[in-house]
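S.K.: Pasting in a structure now, in structure tokens, and then I'll have a few things to ask.
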């Protein structure tokens, strides 16, 4: 197979840049452009580094580098591999990559190194997906969940379940092939017990997806309220920096401002929105208000901030309607000013939403807000050490479909259908679960997954 090459470090300036090459001829290609300082030792040893210089076709030195050699099959792709560690300037790494291509390598496609690791049997498909999740991790918990999957914990469980199903399929085939032994009823009884056990195991994995989704996608939290209620001040207080413009004038925020924070290991996207009011002649502000309402509807959590130094107005009542059937927290802001509003106000009290007193200006009440968010989403109960946590929507759908097939099989047994009919959804369960590890995944699924990868990985 032809050698592939790509830059594996992010674009831009850094201490080092890494150019990765994989393939049967990767050592030959590097040998054409790299001259080690110690020329007396020319043999290539795996997991060894050589110091030397990269030269172009005219014999001009490009950079001083370290080259690491990985001899097949003990490499990431299981093929011969080299990693050239150069200085991290974008011009340098690009020139070295071009030299690799000029001397026989092909530019790698996104994720092609990991795809080779999968195709060559070093990792399975679930582990390959964990690689990109590791790279994209936003929090420690997300990284730990990805590492658990990369270590094969999910794959191991899925393979155990598939083996149980395959063992039962052997029994089914025996009862079909040897009807004279009258073992169909015994097979069915044993099958029901196994299918119920497997369904419970899959149910437990599926139930952890809500936690997994929180770990991976986090909480989308929208801050809404009337103009000048203190939304931008709250954003600045949460971020501990002047991210949004704050003035005494109404309607300062026209567009959406988004930033991430972390609460108990869970990423929270904080979205500051335009102030919502019914009367404005400003076309740009009207667009901002519509955006604010839309984001409030789509958010996982809404922080409704009210200026407690003023009385409730009609606009507040309209905003409360937006929050019906939503997870929301009411913040009574500006506690540092004279109070015209209290928790006892009937318009607020009757909402049954958690209410927090705050002064965004003085950054008072932030920890109480975090505590309430943690309580609402049970963040303290998320523990990835005790169970298999799936963070991938694809895996969740596969498990969901597998459980449907198991139920179809159990229903067929209850209806006393022939064993060969019962076996059809069982076989489909086997194929469905194989899509997680890649055992039965189609080329389309595999290609779609690796499209998400970056170049050089």
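Throughout, read-outs are computed from the coordinates displayed, never taken from laboratory work. Keep in mind the model is a prediction, meaning the values are calculated, not measured. With ideal geometry, Cβ positions are generated from the backbone for all residues, glycine too; neighbour counts draw on all protein chains shown.
S.K.: Take the Cβ-Cβ distance between residue 28 and residue 217 as r, set R0 to 41 Å, and report the resulting FRET efficiency rounded to the nearest 0.05.
M.R.: Efficiency, from the Cβ-Cβ distance: 0.35.
S.K.: Full extension from residue 282 to residue 60: what is 0.36 nm times the residue separation minus their Cα-Cα distance, to one decimal in nm?
M.R.: Between residue 282 and residue 60, full extension yields 73.6 nm more.
S.K.: Run the helix sum for the chain: -39,500 (n - 2.57) per DSSP H stretch of 4+ residues, divided by residue count, reported at 222 nm to the nearest 500 deg cm²/dmol.
M.R.: My calculation for the chain gives -14500 deg cm²/dmol from helical runs alone.
S.K.: So if each residue of separation counts as 0.36 nm, and I subtract the Cα-Cα distance between residue 424 and residue 13, what length gain in nm does that give?
M.R.: 142.3 nm
S.K.: Follow-up. Pulled fully out, how much extra length does the chain show between residue 368 and residue 318, if you take 0.36 nm times their separation in residues and subtract their Cα-Cα distance?
M.R.: Extra length from residue 368 to residue 318 when fully extended: 15.4 nm.
S.K.: Another question, if that's okay. Peptides 157-167, 44-54: what's the order by average Cβ count within 10 Å, highest mean first?
M.R.: Packing order, densest peptide first, comes out as 157-167, 44-54.
S.K.: Please sort 263-270, 327-334 by packing, taking for each peptide the average over its residues of neighbouring beta carbons within 10 angstrom, highest first.
M.R.: Sorting 263-270, 327-334 by mean packing, highest first, produces 327-334, 263-270.
S.K.: Hey, another quick one. Highest first, please rank the peptides 367-373, 442-448 by the mean number of other Cβ atoms sitting within 10 Å of their residues.
M.R.: 367-373, 442-448
S.K.: Still on this structure, I have one more. So, R0 is 45 Å and r is the distance between the beta-carbons of residue 167 and residue 353; what FRET efficiency does that work out to, to 0.05?
M.R.: It comes out at approximately 0.30.
S.K.: To continue, here is another question. With a/c under 1.5 counting as rounded, go ahead and sort region 217-381 into rounded, prolate or oblate using the C-alpha gyration tensor (a ≥ b ≥ c being the square roots of the eigenvalues; past the cut-off, prolate if a/b is larger than b/c, else oblate).
M.R.: Verdict is rounded for region 217-381.
S.K.: Assuming a viscosity of 1.306 mPa s and a temperature of 10 °C, what translational diffusion coefficient in µm² per second does Stokes-Einstein assign to region 258-327, Rh being the Kirkwood radius over Cα pairs?
M.R.: Stokes-Einstein gives a translational diffusion coefficient of 117 µm²/s.
S.K.: Based on the Cβ-Cβ distance from residue 452 to residue 37, what FRET efficiency comes out when R0 is 41 Å, to the nearest 0.05?
M.R.: 0.55
S.K.: Compute the Rg/Rh shape ratio of region 337-457: radius of gyration over Kirkwood radius, all on alpha-carbon atoms.
M.R.: With Rh from the inverse mean 1/r over Cα pairs, Rg/Rh is 1.26.
S.K.: Label residue 310 and residue 258 with points 7 Å out from Cα along Cα→Cβ: what is the distance between them in nm?
M.R.: According to this spin-label approximation, the distance is 2.9 nm.
S.K.: Let me ask something additional. Which shape class, rounded, prolate or oblate, goes with region 4-108 when its Cα gyration tensor gives a ≥ b ≥ c as root eigenvalues, a/c under 1.5 marks rounded, and past that a/b bigger than b/c marks prolate?
M.R.: Since a/c stays below 1.5, the shape of region 4-108 is classed as rounded.
S.K.: I've got another one for you. For the chain, what is the convex hull volume of the alpha-carbon atoms per residue, in Å³?
M.R.: 210
S.K.: If you don't mind, there's one more thing I want to ask. In nm, to one decimal, how far is the modelled label at residue 94 from the one at residue 325, with both set 7 Å along Cα→Cβ?
M.R.: So the two model labels end up 5.3 nm from each other.
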